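The structure appears right after this line, and notes come after that.
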Amino acid sequence: MNRSLVLVTIAAALGLAACTSTPAPDTAATATATSVPSSTTPPPVQVVTTVVTQTVTNPPPPPANPVIGSFGYGDLKLGMTRQQALDAKLIGPDISGLSGAYCTFHDIIGTGGRAYVSKAKGVSSIFFGADMSSDGVGSGATEEKLKVEYTNLKPSIGTSYTASADGNSNAYFHFLVDKGMVTTAVLNINGQDCHS
């Protein structure tokens, strides 16, 4: 074997070993780092994580209560068919006792309100109490509060008032008043055919 080839091979191996070896730690740097007084070292950062889980014992909050508006009461909309309202569990069964009639009458589930549903027009009238509105106007409110909240009131037959439904030209509000109190509040679809 060629002696110079052996020397070149050994020199290359040593050079490779020198390039890939781990350098020795710098003791001067370690000594400097430990010589800093502990009073100037900032305290460690504390991270606090809160995990909130929704369980049977910690249920999610209920959705906000629906309110009466120009198009209906929450998800119960004027014009909705009886079957749609029943399937969505927004109204209970017919309580009119007139099954098969051109109109049926239903409790609005979870409220003291009621609704007429017409075969021709769907949900046509929604009767509501003051607790079903965002402004506190409905059955049980004072006439004074009614006049403050509904500035577009128009006198109607006897001691009643009507008001247009803002943004819905196909509906109107009707209020009956007796002795300064609202006794009936209803959102009607135009041309409703279930009651007078």
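None of the figures in this text is laboratory data; all of them are computed from the coordinates on show. As the structure is a prediction and not an experimental result, all values here were calculated from the model. Don't worry about glycine lacking a Cβ; one is built from the backbone with ideal geometry, like all the others, and counts go over all protein chains shown.
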- Note on the structure: Residue set THR162, THR151, THR111; condition free of Cβ contacts under 8 Å to residues at least 60 places away in the same chain and in contact with a strand residue (DSSP E or B) (Cβ under 6 Å, 6 or more places away or on another chain); output residue THR162
- With respect to VAL137, determine if the residue is within 26 Å of the chain's Cα centre (by Cα), in a loop (DSSP other than H, G, I, E, B) and crowded, with 20+ Cβ neighbours inside 10 Å. yes
- Item | Subset of the stretch 82-117 [surrounded by fewer than 22 Cβ atoms within 10 Å (Cβ to Cβ), in contact with a helix residue (DSSP H, G or I) (Cβ under 9 Å, 6 or more places away or on another chain) and under 27 Å from GLY167 (Cβ atoms)] | THR111, GLY112
- Task: Considering each residue of the stretch 142-172, count those that are part of a loop (DSSP other than H, G, I, E, B) and within 27 Å of the chain's Cα centre (by Cα), and give that number.
- Result: 7
- Conditions (1) assigned to a loop (DSSP other than H, G, I, E, B); (2) surrounded by fewer than 14 Cβ atoms within 10 Å (Cβ to Cβ); (3) acidic (Asp, Glu); (4) more than 27 Å from the chain's Cα centre (by Cα) -> ASP193 fails only (2)
- Message: Need the failing condition index for PHE175 against (1) under 24 Å from ALA101 (Cβ atoms); (2) assigned to a strand (DSSP E or B); (3) touching a Phe, Trp or Tyr at 6+ places or on another chain (Cβ under 8 Å), just the number.
- Response: (1)
